[in-house]
Amino acid sequence: MNGTRDPKADFLTIYKDIRRPGADKLLAWLASTDFFTAPAGAKHHGAHAGGLVVHSLNVWSRLREITLRDTIDGKAILDLTPETNETVAILGLLHDVCKAGVYHAETKRRRNPETGVWEDYLGYMFRDPLPLGHGEKSLYQITRFMRLEDHEALAIRWHMGAYDAAAHTDLRDLSAAMDATPWVWRLHEADMCAAHIDERGTDE
């Protein structure tokens, strides 16, 4: 999905695959935030205006590929059912809604590597008004408006994999979640592919 001409329009088109009650209210809430203009992070991948929605689209695209790659009874899946398409849309598009409203544009200073001269540039500072955690916060924000299936909740909660702060002290819950449903490792793989392949070098 990198290089898409209108990420917001693409997001809204794919979002139509989410048909469960409350999806419209969730989308209205997203539109009331900076979700469609926010960066994906303060540094590294997607550290630019609009980076968050581009990242969400990239994760959706990767997750769809990964899901199609999986097999059932030894036969490759040729297409996804409407229910699976809905899950892929939910996980890909919404796993990082926790990042809305937390990256604030500020003027910073840095030394130009070519000239050695100090210069001002527009960067981002992370300040979270609701520090619930990463996957936990996305879960909270989504389920304020729309119900998730258990496998979707587990995938969003643990999509950071071993990078999740909770996994640093005890990997048992992460391992149990991955054992419970393949959607946990599918979403984590999609997230890593998007960040480290599709969006490599997209910081500003």
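Here are some notes:
- The stretch 13-34, residues that are hydroxyl-bearing (Ser, Thr, Tyr) and either within 18 Å of Arg127 (Cβ to Cβ) or touching a residue at least 24 places away in the same chain (Cβ under 8 Å) (or both): Tyr15, Thr33
- Thr37 closer than 25 Å to Arg144 by Cβ and free of Cβ contacts under 8 Å to residues at least 12 places away in the same chain: no
- For the stretch 111-204, the helices (runs of 4 or more DSSP H) that sit wholly inside it and include 3 or more residues that are of a type in the set (S, T, N, Q) are 135-143.
- Yes/no for Phe11 being touching a Gly at 6+ places or on another chain (Cβ under 9 Å) and either assigned to a loop (DSSP other than H, G, I, E, B) or of a type in the set (A, V, I, L, M, F, W, C) (or both): no
- Counting the residues of the stretch 172-204 that are among the small types (Gly, Ala, Ser) and either in contact with a strand residue (DSSP E or B) (Cβ under 9 Å, 6 or more places away or on another chain) or closer than 13 Å to Leu91 by Cα (or both) gives 1.
- Checked against (1) within 22 Å of Asp70 (Cβ to Cβ); (2) hydrophobic (A, V, I, L, M, F, W, C); (3) within 16 Å of the chain's Cα centre (by Cα), Met178 meets all criteria but (3).
- Condition met for Pro113 (touching a residue at least 60 places away in the same chain (Cβ under 8 Å), exposed (fewer than 11 other Cβ atoms within 10 Å of the Cβ) and on the phi < 0 side of the Ramachandran plot): no
- Condition check for Arg144: over 22 Å from Asp24 (Cα atoms) and exposed (fewer than 15 other Cβ atoms within 10 Å of the Cβ): no
- The one condition in (1) of a type outside the set (Phe, Trp, Tyr); (2) exposed (fewer than 14 other Cβ atoms within 10 Å of the Cβ); (3) more than 28 Å from Ser32 (Cα to Cα) that Gly161 fails to fulfil: (2)
- Within the stretch 164-204, the only residue that satisfies the criterion of being under 18 Å from Ser61 (Cβ atoms), among the basic types (Lys, Arg) and either modelled with pLDDT under 95 or surrounded by fewer than 21 Cβ atoms within 10 Å (Cβ to Cβ) (or both) is Arg200.
- Long-range neighbours under 9 Å by Cβ, at least six apart or interchain, first residue more than 14 Å from Leu154 (Cβ to Cβ) within the stretch 164-176, second surrounded by 12 or more Cβ atoms within 10 Å (Cβ to Cβ): Ala165/Gly133; Ala165/His134
- Residues (of a type outside the set (Gly, Ala, Ser) and within 15 Å of the chain's Cα centre (by Cα)) located in the stretch 28-47: Leu30, Asp34, Phe35, Phe36, Thr37, Pro39, His44, His45
- The listed residue being over 24 Å from Lys137 (Cα atoms) and either surrounded by 12 or more Cβ atoms within 10 Å (Cβ to Cβ) or of a type in the set (Gly, Ala, Ser) (or both), out of Ala89, Ala38, Ala9: Ala9
The values are calculated or read from the model by the stated rules, or taken from the named source; none is laboratory data. Model, not experiment: these values are computed from the prediction. We place every Cβ from the backbone using ideal geometry, glycine too, and count neighbours over all the protein chains shown.
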